[in-house]
Each structure stands twice: as structure tokens, then as C-alpha cells.
1. Taking LYS54 and the conditions (1) of a type outside the set (A, V, I, L, M); (2) more than 13 Å from the chain's Cα centre (by Cα); (3) over 28 Å from PRO112 (Cβ atoms), which numbered condition does it fall short on, given that it satisfies the others?
2. Looking at (1) in a loop (DSSP other than H, G, I, E, B); (2) more than 23 Å from GLN154 (Cα to Cα), which one does ARG123 not meet, given that it meets all the others?
3. Applying the selection to segment 59-106, what residues are among the β-branched types (Val, Ile, Thr) and surrounded by fewer than 17 Cβ atoms within 10 Å (Cβ to Cβ)?
4. Is there a residue being within 16 Å of the ligand (Cβ to nearest atom) and either touching a residue at least 60 places away in the same chain (Cβ under 8 Å) or closer than 19 Å to LEU36 by Cα (or both) anywhere in segment 113-130?
5. Counting just the residues of segment 32-58 that are within 16 Å of the ligand (Cβ to nearest atom), among the aliphatic types (A, V, I, L, M) and without any contact (Cβ under 8 Å) to a residue 24 or more places away in the chain, which one comes out surrounded by the fewest Cβ atoms within 10 Å (Cβ to Cβ)?
6. Mind checking which residues of segment 75-112 are away from the ligand (no atom under 16 Å from the Cβ), without any contact (Cβ under 8 Å) to a residue 40 or more places away in the chain and over 12 Å from the mean Cα position of the chain (by Cα)?
7. Would you pick out the residues in segment 1-16 that are outside any loop (DSSP other than H, G, I, E, B) and of a type in the set (S, T, N, Q)?
8. Checking the conditions here, which among THR61, THR2, THR29, THR23 is away from the ligand (no atom under 16 Å from the Cβ), among the polar types (S, T, N, Q) and modelled with pLDDT under 95?
Amino acid sequence: MTGKGHRLTGIGAGFFAAALVHTLGFNYTAEVFAALAAASSTTLPDWIEIPVHKKGMRAGTLIPHRTITHWPPLWLGLMYFAFYYLEPYYAATLIGISVGAITHILADAPNPMGVPWFWPHKRVSILGGLWRSGQFEKTITAVFTAIGVFYWVQAHRDNAWLMAFIERWG
Ligand SMILES: [Zn+2]
């Protein structure tokens with residue numbers, strides 16, 4: 001996915017992060033922190049690789065591309081740590097950042113190059129390289145935004161919809 005595409009997924013990531021911290025029991029201010037943090041972190045895994053420039057040209061990155069910064073367990077671990085050990089607003093912000101980073105990884109995942117799902121140094125291409133960077137970007141971001149908004153709306157219905165569903169079909 002291109003940089004622009006990654007930035008566009010920030011909208012969905014923002015809603016998703018807000019819904020997640022709501023589900024985890026945080027208040028509305030924390031939701032705003034999480035949403036802003038997530039929206040601005042969907043390009044994070046690429047730029048913390050630290051671009052190296054030689055003679056004014058981009059010559060690669062200090063951390064090899066799509067390794068540790070694209071490793072889902074790192075961000076999931078960060079979320080876990082934030083939730084259990086940090087003050088609510090710091091926790092919400094860090095959870096938001098992690099949601100943004102994971103959104104980035106998911107967007108990179110179907111790329112032929114793949115991402116390191118299990119070990120930080122070993123990339124796995126799932127779905128055999130379903131699409132290249134830049135392909136289907138509009139569709140993917142639209143679907144992702146819809147999922148984020150849907151989750152957020154449902155989270156704020158305080159599970160009444162789920163109870164109704166279970167009562168009716170369960
Ligand atoms: Zn990336």
C-alpha cells in the first residue's frame with residue numbers, strides 16, 4: 001500500500017481504536033486520545049525504520065524494511081502492557097498507536113513481499129501476494145473505514161443489539 005493509502009486507513013483505525021477502548025471500559029476523553037493516536041500512526045511502522053540518506057538520496061533504512069516494526073506480536077504486547085500497567089490516558093494513547101500500526105501491517109500483509117507474522121526477521125506472504133502496493137486501495141480503505149465505523153456504532157449501543165440477537169436467535 002502506498003503512503004497515501006496508509007494515511008487514508010487512519011479514519012477507520014481511529015474509529016476502531018475508539019471502539020476498542022470503549023469496549024475495554026475507558027471514558028470518552030480516552031476514546032478521543034485513542035482515535036487521534038490511531039489516525040496518526042498508520043504510517044508509523046515505515047518511518048520508525050529510520051530512512052538513511054546518502055548524497056541526498058534515500059539509500060534504505062536503518063532497520064531492515066518490514067521486519068521488527070511490522071511484527072504484530074510487538075504491537076499486541078504493547079497494547080497488553082499499556083492496558084494493565086499504565087494510567088488510563090497513556091494507556092488509551094498507546095493502544096491507539098498500536099491499532100494504527102497493526103492497521104498498517106494488515107494493509108501491507110497481502111503484498112507479495114509479505115509481513116513477519118510469527119518471527120520478526122521472517123516475512124510470510126499470506127494469500128500468495130493477492131495485490132501489489134497501490135492496487136485496490138480505494139476499495140480496501142472504504143471497506144476498512146466501514147468496519148471501523150460499524151464497530152464504533154455497535155460498541156456504543158452497549159451490546160443491546162447482541163442481547164436482542166441472542167434473545168431472538170439464540
Ligand atoms: Zn510498511
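The values are calculated or read from the model by the stated rules, or taken from the named source; none is laboratory data. Note that the coordinates shown come from a computational prediction; the quantities given were computed from them, not determined experimentally. In this analysis, Cβ positions are derived from the backbone assuming ideal geometry, glycine residues included, and neighbour counts consider all displayed protein chains.
1. That leaves (3) as the condition not met.
2. (1)
3. ILE63, ILE68
4. no
5. Across segment 32-58, the extreme among qualifying residues is ILE50.
6. Within segment 75-112, GLY77, LEU78, TYR80, PHE81, ALA82, TYR84, TYR85, LEU86, GLU87, TYR90 meet the criteria.
7. THR9
8. THR23
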